[in-house]
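Asker: First, the structure itself, so that you have it in front of you.
Read the figures in this text as sums done on the coordinates, not as results from a lab. Keep in mind it's a predicted model, so treat the numbers as computed, not measured. Cβ placement follows ideal geometry from the backbone for every residue including glycine, while neighbour counts extend to all protein chains displayed.
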Amino acid sequence: MLKRSIETKYYLLKEINPLIRLIIVSDILIVGGTAMLAPIFALFIENYIRGGNEQVAGIAVALFLITKSLFQIPVATMIDRIRGEKDDFVILVLFSLLMSLTPLLYLTISEPWHLYLVQIVLGFFTAMTFPSFMAIFTRHIDKTQEGTEWGVYFTLSDLVSAGLAAIGGYIAYTIGFSALIVAVVSISTVGSLMLISIKPYLKKQ
C-alpha cells in the first residue's frame, strides 16, 4: 500500500544520515534565532533609529536582499571551482558565526545610515553561508529521500521559527529589546557552532 504522508520518524530526524541531521538542527537554530527578531524589526526601527519610519524599514530590508542577491552567485561559483569540501566547510562555519553575531550591532546604532550599513554587512555574510550550506546539504542528502529530507528541513525550520517568533515578541514586550538581541545571538551562535561537528563526515575530494 502506498504511503500518503511522511512518517513521524522523519520529523524526529531518524533514518537520516548524521551530517544531514546535524546540519538541519544547526540551521533550524540559526534561522529560528533570526525569526525571533523578524516580527518586531519595524518596531525597533521606529523606536530606536532617529527618524525611523516605514521608508527607512523598507530601504533596510531592500539593502539586505540586494546585497545577498548580488554576492550569492559569485560565492557559489567560487566554491564549485575548488575541489573537496574544506572550502565549503570553512566558509559555512566562519560566516555563520559572523552572521549570528551581527545582530549585536543593533544595540549600538541610532542613525538610518548605521542601520543600512549593518544590513549590507548582514546581507554579505548571509550570501557567503547560503551557497556553502546548499552545496554540502545537496552532496550528502540520502539518495531516494531527497524530497523527504528537503521537506523535513523546511517544515521543521518553519515550525521552530513560528514558535520562536512568538517567544521573541513576548521577550521584547516583557523584558526589552536588548534581552531579545542577546537571545537571538545566543541561539544562532549555538547553531553555528554545531556546524563544527559535521567535519568528520565531509568528503575529502
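Asker: How long are the three semi-axes of the equivalent ellipsoid of segment 17-199, in whole Å, if each is the root of 5 times an eigenvalue of the C-alpha gyration tensor, listed from largest down?
Answerer: Value: 30, 19, 13 Å, ordered largest first.
Asker: While we're on this one: Using the 10 angstrom Cβ neighbour count as an exposure proxy, how do TYR116, TYR106 rank, fewest first?
Answerer: TYR116, TYR106
Asker: What whole-number value in cubic angstrom gives the convex hull volume per residue for the C-alpha atoms of segment 107-178?
Answerer: 111
Asker: So for SER26, SER69, SER197, fewest C-beta neighbours within 10 Å to most, what's the order?
Answerer: Placing the least packed residue first, the sequence is SER69, SER197, SER26.
Asker: Next question, about the same structure. Looking at ASN53, ILE23, PRO200, which one has the Cα that reaches farthest to the positive end of the dipole of the chain (charges on Cβ: Lys, Arg +1; Asp, Glu -1)?
Answerer: It is PRO200.
Asker: Here is a further query. Which net charge results when you count Lys and Arg as +1 and Asp and Glu as -1 among the other residues whose beta-carbon is under 9 Å from that of ASP142?
Answerer: After counting each charged neighbour, the total is -2.
Asker: Next question, about the same structure. Evaluate the Kirkwood expression for the hydrodynamic radius of segment 35-129, namely the inverse of the mean inverse distance over all pairs of different C-alpha atoms, and round to one decimal in Å.
Answerer: For segment 35-129, the Kirkwood estimate is 14.3 Å.
Asker: Order of GLU149, GLU46 from fewest to most other C-beta atoms within 10 Å?
Answerer: Sorted ascending by nearby Cβ count, the order is GLU46, GLU149.
Asker: Follow-up. So what's the back-of-envelope 222 nm ellipticity for the chain, counting only DSSP H runs of four-plus at -39500 (n - 2.57) apiece and dividing by all residues, rounded to 500?
Answerer: -25500 deg cm²/dmol
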